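Written out below as structure tokens is the structure these notes cover.
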Amino acid sequence: MKKDIDTLKKRSRRRRDVVEQAGSASLALSGLVGMFFLVVLVWQIAIPTFIDGENGEISAASEFIPISDYVLEWDHPNVNEQGDLNTEPIVLTITWEGRTGAQKHDLEIVVTANRGEKEDVQISEEGLSTTSIEVGKKTKFYLKSVLDVPVSVEQRSGPVPAADASGNPHVSSFVVSGDVAVLISNGSAVFEPLEMAGWTSLLVLTFIVSRPTERRLAPLVRCYGRERQIRGIILLLAIFTIVIGQTTLSAFLGGLCWLLFGVALLRTIEGMERLQNQGRSLTEVKRLKHSISDREGLLLWSRMLLVSACFFIPLDIDIPFLTERYQDIFQPYASGIRSAFFGTVWVMSIAMLVSMPISIGAAIYLEEYAAPTRTTKLIQALVTNLAGVPSIVFGMFGLAIFVKQGGIGLGLGPSILAAGLTMGVMAMPIIVLASQEALRSVPRSLRESAYGVGCTQWQVVKDHVLPSAMPGIMTGSILAMSRIMGEAAPLVVVGAAALVLFDPEPLAALTGGNLNFTVIPIQIYFWTSEPEHAWHSMAAAASIALILLLIAMNSIAIVLRQHFRKRLNS
Amino acid sequence: MKKSLKPVAQKRAPADRVRLLLFITSLSVIFITLGIIQTLLFEAITFFREIAGVRGWFSFEFDPKGVMSQTGLGAFLFMLALMMEWISEHRRHYLAIIPEQILFPPSWALRSIYALLIIAVVVVNSMLLWASTVALVAVWRRVAKKHMLRGTGNIDQTDRSVTIALGCCLFFSLFIATTEHYGGAFGEFFFQNQWTPTGACADRRSLCENMNFGVNSLLLTTLQVAFGALFIAVPLGVGCAIYLSEYASPRLVSVVKPTLELLAGIPSVVYGFFAFIYIGPLVVELGEVAYTNGWIDQPPNILNPINGAIVVGVMILPLVASMSEDALRAVPNELREGSLALGATRIETTLRVMLQAALSGILASIILALSRAVGETMAVTLAVGTVAVYTSNMFLPAQTMTAYIAQRVGGDLPFGEIGYLTIFAVGLYLFIITLSLNLLGNKVLSAYREAY
């Protein structure tokens, strides 16, 4: 008998293990699939970032680090504001003491959109091997001297070089006795020490305030009574960051970061003093936070900035890809997604402006006002089912209603406005559903007590229901936006272009400008369709950028949700 | 009386204005739906009218010999199912004649029949025959359940929907079996298998003779991709859901759930990129093995429906997992505790109680995932290819309905041309399929929400 029970137990244990193992295995498998995708993406981006390539072949990046006595580098912009190539030639005057007297030659460097020739220029007894050289952007060639006399190089015209070997900018004349590497690049890594320092300080302060101990607070205690000096120093740092910032974005963000840090630091010190005067412990998280800001608004902003910083700091390193370079049809690795990035920003802004008021209004009506009539039920059913309609059908709707001229078409053409409206229509059912969920979760007692003190229905909604449902609504809207941000199908139908070499104009459809636009998913789609492998690398890079943007949006949604939830609880 | 009412009405006015404004915003949902349906219908009707102007609306020839084909067998099975259903509804006393062994076979026999049905999806050439077999088995189990419940008073009132659905299936399959050579606008679009909407014509706007509009070619690939995706997503997703809701610690759940959401948040075009770059070559290697062994008659291509099915399967996996987990969590704890208290082991509780109780929720998640898979565009466009061929060989490039739309509008497309009209006809078909799947899924979903 006992034996039977034992075998039964063993068998059941074995079977349980099988299910548990199968479940965990499927879980692990799905996780692995996701991980595999991410690893592959990172590996793909490694090719354009760490390994550079030209003419389609891929070679180690170290080959492209110039090994020479002198480096002359021009940060040559791809295109100017109008979309034309900036082809002002760089003219170098090269002089040396030859056997037959002083030699003086001009070398003209023309930067073109084509790949151009890349052969080195020989400096010999007969003079220069060529007087004019045509190069593509992001190329490198050498001025090779076979003489053993010093050669002096002077720039006569063209854009100023970005840097010389010692890192001093704007030196256009020098004497050298070896090879000179000439680098024509467009954009390089931007490193902003002051901005980074600002972010780090803010991070450290947030960490201290959220997990205070005596030891961590000690440096802050020492600051008592020195508020004026601190204020001065931080103001100076902020101004300094703004002045020496290499790009507008980093200057702005860095300055903002320092200002925020200053305000937060001063408030923390003030609050700590107040707490100590009251004879209370500083290490209680809640009290300290409360003393800094009554509604935690400041902490929220710093936290949101920190979250975005997490994504901006790595982007800073290769930010030319995102915000500076346009697509370069001849050189995949020198391409960027500037036009696609701004296209995405504009399309998302228009979609949000159009869809949010309407969908939140609809949600309020359906939840707060509507009686359960047949119309209401119909609208509810339509919302639920519209959320499941394939995105490409929305694209066709946009094509017929917004793009097409004549009939019921508005005739906006394949423009950003039409794309934004289409995306807004697509986001609507998702936002309505999320907002309804949020409104439904507001407790009934809140409404009833508001009615009890004599509020009208609109007052109840405006002053009591909406504020407490706001976190859910905001989170839902941001998540809906991040979902439609990755959608390419409707925009393919609306008519996004494959190649856009200028910043898109959001209202071109009304003002009569150039309609063409593109967004990041569309760019990925077209780059993936290209036969060359180099474009696939760029598609991977664009995917990484897109996913990072999506994660940033989702993190902001999560931070918002947590913040509002805490406020509601307190 | 009137005088006294007036000021009150004036006071109420602002509130009413707000109400009206909000009502108008909610009406926009109706406008959008009507707009979608109107656009699709308008252009699709123009499309059908243009073809009908040349080839007529609908034509076919009778061919009674087709009853002996696979489709005819399917129609016969449908008829059998319909008869069983009708008898069980209206002549219940006849059920007593059927021996118990037929209605309640041993569980191993039942399971092997289910397994055979699943395997048959791959083997059977005619989907109609497979569907009719499934219908027959389903009706058989339904009758058995009714027989078991007789006398307990728990039998539902006569449910006509099953009879009507079976009748429609019977009519449809009988029609398919006994007719051939479909022509005309509708006959060509819904029954023919060749999809060549571009032809070398003198006049681009005109309808050439060598154009063919048999949408089945696109539909077959769409279904191959969607069901292939379910093949991957359902076992993995339901497995995940069971593990997360029954076994995993809350800490693990709090880590895994956001990861699944992240997986769901990756844009479809990025998945398409993966399929194009990585999964395609892997599938080709598999196809090479099949080709050298002679299982398929043409060498595999890097773009194929299997590739698309894998990537779409991974895409819909988070949807299946999270919705199934919600369904499992919605099952009241009393059921679980009751089962454990009766001495069932954890595995028995999971498989026999929890899974059964949450079955409709899981089913709803599968239906909604199927709808998502059918409507998926960018990943499929990049993974499956752009050649519309009607073939059951899943290693060859093909084209889904969504991919056709995306590929066709990608070029310069003049409004009003026949190519422009085809995308709306295909879009309408797609819209109807996904809408009916969504309606079905949401109905099942609300049914299980009401149950608990």
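The values are calculated or read from the model by the stated rules, or taken from the named source; none is laboratory data. For clarity, every value in this text was computed on a predicted model and none was experimentally measured. With ideal geometry, Cβ positions are generated from the backbone for all residues, glycine too; neighbour counts draw on all protein chains shown. These accessible areas exclude ligands, DNA and RNA; they are computed on the full protein's heavy atoms, side chains included. Shrake-Rupley method; radii C 1.70, N 1.55, O 1.52, S 1.80 Å.
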- prompt: Exactly one of (1) within 30 Å of residue B:220 (Cβ to Cβ); (2) away from chain A (no Cβ under 14 Å); (3) within 27 Å of the chain's Cα centre (by Cα) is unmet by residue B:293. Its number?
  reply: (3)
- line: Across region B:143-162, the tally of residues that are open to solvent by 50 Å² or more (accessible area, probe 1.4 Å) and either at pLDDT 85 or above or over 20 Å from residue B:96 (Cβ atoms) (or both) stands at 4
- request: Among the candidates A:491, A:560, A:549, A:479, single out the residue that is hydrophobic (A, V, I, L, M, F, W, C) and more than 13 Å from chain B (Cβ to nearest Cβ).
  value: A:560
query: Do the conditions hold for residue A:465, that is, is it within 11 Å of chain B (Cβ to nearest Cβ) and either part of a helix (DSSP H, G or I) or in contact with a helix residue (DSSP H, G or I) (Cβ under 9 Å, 6 or more places away or on another chain) (or both)?
result: no
query: With (1) of a type in the set (Gly, Ala, Ser); (2) closer than 30 Å to residue A:388 by Cα; (3) open to solvent by 10 Å² or more (accessible area, probe 1.4 Å) as the list, and residue A:513 as the residue in question, which single condition is left unmet?
result: (2)
message: Of the conditions (1) more than 10 Å from chain A (Cβ to nearest Cβ); (2) assigned to a helix (DSSP H, G or I); (3) without any contact (Cβ under 8 Å) to a residue 24 or more places away in the chain, residue B:387 satisfies every one except a single condition; which number is it?
response: (2)
- prompt: Which residues, taken from region A:481-508, are among the small types (Gly, Ala, Ser) and touching a residue at least 60 places away in the same chain (Cβ under 8 Å)?
  reply: A:482, A:486, A:489, A:495, A:496, A:497, A:508
message: Against the condition open to solvent by 30 Å² or more (accessible area, probe 1.4 Å) and β-branched (Val, Ile, Thr), how does residue A:422 come out, does it pass?
response: no
message: From the list B:112, B:107, B:88, exactly one residue is of a type in the set (Gly, Ala, Ser), out of contact with any His (no Cβ under 6 Å at 6 or more places or on another chain), surrounded by 15 or more Cβ atoms within 10 Å (Cβ to Cβ) and more than 30 Å from residue B:428 (Cβ to Cβ). Which is it?
response: B:88
- prompt: Is region B:217-238 home to any residue that is in a loop (DSSP other than H, G, I, E, B) and modelled with pLDDT of 80 or more?
  reply: no
message: If I filter region A:482-503 for residues that are assigned by TED's automatic domain parsing to the domain that holds residue A:411, open to solvent by 20 Å² or more (accessible area, probe 1.4 Å) and under 16 Å from residue B:382 (Cβ atoms), do I get at least one hit?
response: yes
- line: By residue number, the members of region A:530-546 that are under 19 Å from residue A:352 (Cα atoms) and more than 9 Å from chain B (Cβ to nearest Cβ) are none
message: Which residue is nearest to the chain's Cα centre (by Cα), if the candidates are limited to region A:511-529 and must be within 11 Å of chain B (Cβ to nearest Cβ) and not hydroxyl-bearing (Ser, Thr, Tyr)?
response: A:520
message: Being more than 14 Å from every other protein chain (Cβ to nearest Cβ), open to solvent by 70 Å² or more (accessible area, probe 1.4 Å) and either within 21 Å of residue B:140 (Cα to Cα) or not hydroxyl-bearing (Ser, Thr, Tyr) (or both): is that true of residue B:61 here?
response: yes
- request: Determine whether residue A:477 is surrounded by fewer than 24 Cβ atoms within 10 Å (Cβ to Cβ) and more than 21 Å from residue B:262 (Cα to Cα).
  value: no
message: Out of B:320, B:374, B:380, I need the residue that is in contact with a Cys (Cβ under 9 Å, 6 or more places away or on another chain), surrounded by 24 or more Cβ atoms within 10 Å (Cβ to Cβ) and among the β-branched types (Val, Ile, Thr). Which one?
response: B:320
- request: Mind counting the residues in region B:245-261 that are more than 7 Å from chain A (Cβ to nearest Cβ) and within 12 Å of residue B:322 (Cα to Cα)?
  value: 6
- prompt: Across region B:262-287, what is the number of residues that are surrounded by fewer than 17 Cβ atoms within 10 Å (Cβ to Cβ) and more than 11 Å from chain A (Cβ to nearest Cβ)?
  reply: 4
